[in-house]
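Structure first, commentary second.
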Amino acid sequence: MSTSQPPSLTLASTSRWRAALLRRLRLDFAIQSPQVDECLDPSSTPAENAERLATEKARSIDVTGGLVIGSDQVAWCDGRYLGKPGTAEKAVDQLRYCAGKTMDFHTGLCLWIPGKNECVTRVVPYRVHLRELSTAEIKAYIAADSPLDCAGSFRWESLGIALFRRLEGDDPTALEGLPLITLCQLLRGQGLSIPPRAQPLQHGA
């Protein structure tokens, strides 16, 4: 009996972190670079910005079939957006501002189905409660972990865990930029098996 092939999968991202997360699901996928303006809309909430950017990234990929995954993360603390610092000086400034406060991360996820011209979107929140940090601690952390390409100026999966009082949320992979629990739910809704089903052994092989 023949079985239908699962739909092809494309990740709309140049982030090595998101690609590494998606590989954990043991699925075959292609990677394409999304062509979008990632500027935030100040009239929208952080969650709305995350959902919009994830959708724009997914829909910017030129494919006719299969499934396209788009994701974007917006970080926010006490009325201030937190982008990727880019320099050690900006990372110090971010962590000084956020020390002793709560950071809110809103990770938008979009599954675009080109054949139906349909998007399924979710926004997955996650909260990081930082402890009080001295300037010396902040500089030592940044020198050790170099989190210059991370919103919020930390790598939680690395030494950044030492900066926290508490983490709060349903899916820690949302903090890394691709909420895998929610993504698995969306992919199963489109007929993918996760974990992937093992291929039956062929006699005589």
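Residue by residue through segment 27-77, note down the ones that are assigned to a loop (DSSP other than H, G, I, E, B) and β-branched (Val, Ile, Thr). Those that are assigned to a loop (DSSP other than H, G, I, E, B) and β-branched (Val, Ile, Thr): 36, 45, 61, 63, 64. Please find, among 127, 197, the residue that is closer than 22 Å to residue 15 by Cβ and of a type in the set (Lys, Arg). Of 127, 197, the one residue that is closer than 22 Å to residue 15 by Cβ and of a type in the set (Lys, Arg) is 127.
Put simply, of 94, 35, 73 the only residue that is in contact with a Ser or Thr (Cβ under 6 Å, 6 or more places away or on another chain), modelled with pLDDT under 95 and at negative phi is 35.
Within segment 113-129, being more than 22 Å from residue 45 (Cβ to Cβ) and in contact with a helix residue (DSSP H, G or I) (Cβ under 8 Å, 6 or more places away or on another chain) holds for no residue.
Any residue at all in segment 78-92 that's of a type in the set (S, T, N, Q) and not in a strand (DSSP E or B)? Scanning segment 78-92, I find at least one residue that is of a type in the set (S, T, N, Q) and not in a strand (DSSP E or B), so the answer is yes. For residue 51, state whether it is within 24 Å of residue 156 (Cα to Cα) and touching a residue at least 60 places away in the same chain (Cβ under 8 Å). It is true that residue 51 is within 24 Å of residue 156 (Cα to Cα) and touching a residue at least 60 places away in the same chain (Cβ under 8 Å).
When residues in segment 98-119 are screened for being in contact with a Ser or Thr (Cβ under 9 Å, 6 or more places away or on another chain) and part of a strand (DSSP E or B), 8 of them pass.
Listed here are the residues, each with its yes/no results for (1) closer than 11 Å to residue 91 by Cβ; (2) surrounded by 14 or more Cβ atoms within 10 Å (Cβ to Cβ); (3) without any contact (Cβ under 8 Å) to a residue 24 or more places away in the chain; (4) not aromatic (Phe, Trp, Tyr).
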residue: 139; (1), (2), (3), (4): yes, yes, no, yes
residue: 145; (1), (2), (3), (4): yes, yes, yes, yes
residue: 152; (1), (2), (3), (4): yes, yes, no, yes
residue: 159; (1), (2), (3), (4): no, yes, yes, yes
residue: 165; (1), (2), (3), (4): no, no, no, yes
residue: 168; (1), (2), (3), (4): no, no, no, yes
residue: 171; (1), (2), (3), (4): no, yes, no, yes
residue: 175; (1), (2), (3), (4): no, yes, no, yes
residue: 178; (1), (2), (3), (4): no, yes, no, yes
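Would you be able to say whether some residue in segment 4-22 is of a type in the set (Lys, Arg), farther than 19 Å from residue 121 by Cβ, within 13 Å of the chain's Cα centre (by Cα) and assigned to a helix (DSSP H, G or I)? Yes; the residues of segment 4-22 include at least one that is of a type in the set (Lys, Arg), farther than 19 Å from residue 121 by Cβ, within 13 Å of the chain's Cα centre (by Cα) and assigned to a helix (DSSP H, G or I).
Just give me the residues in segment 42-65 being of a type in the set (A, V, I, L, M) and surrounded by 18 or more Cβ atoms within 10 Å (Cβ to Cβ), in sequence order. Step through it out loud before you land on a result.
Let us first name the residues in segment 42-65 that are of a type in the set (A, V, I, L, M), namely 47, 50, 53-54, 58, 61, 63.
Once the filter is applied, which keeps residues that are of a type in the set (A, V, I, L, M) and surrounded by 18 or more Cβ atoms within 10 Å (Cβ to Cβ), segment 42-65 yields 50, 53, 54, 58, 61.
Within segment 194-203, can one find any residue that is crowded, with 17+ Cβ neighbours inside 10 Å and in contact (Cβ under 8 Å) with a residue 12 or more places away in the chain? Among the residues of segment 194-203, not one is crowded, with 17+ Cβ neighbours inside 10 Å and in contact (Cβ under 8 Å) with a residue 12 or more places away in the chain, which makes the answer no. None of 116, 57, 84 is farther than 24 Å from residue 159 by Cα, under 17 Å from the mean Cα position of the chain (by Cα) and not hydrophobic (A, V, I, L, M, F, W, C) except 57.
The values are calculated or read from the model by the stated rules, or taken from the named source; none is laboratory data. Everything quoted here is computed from the prediction, not taken from an experiment. Ideal geometry is used to build each Cβ from the backbone, glycine not excepted, and the neighbour counts take in all protein chains shown.
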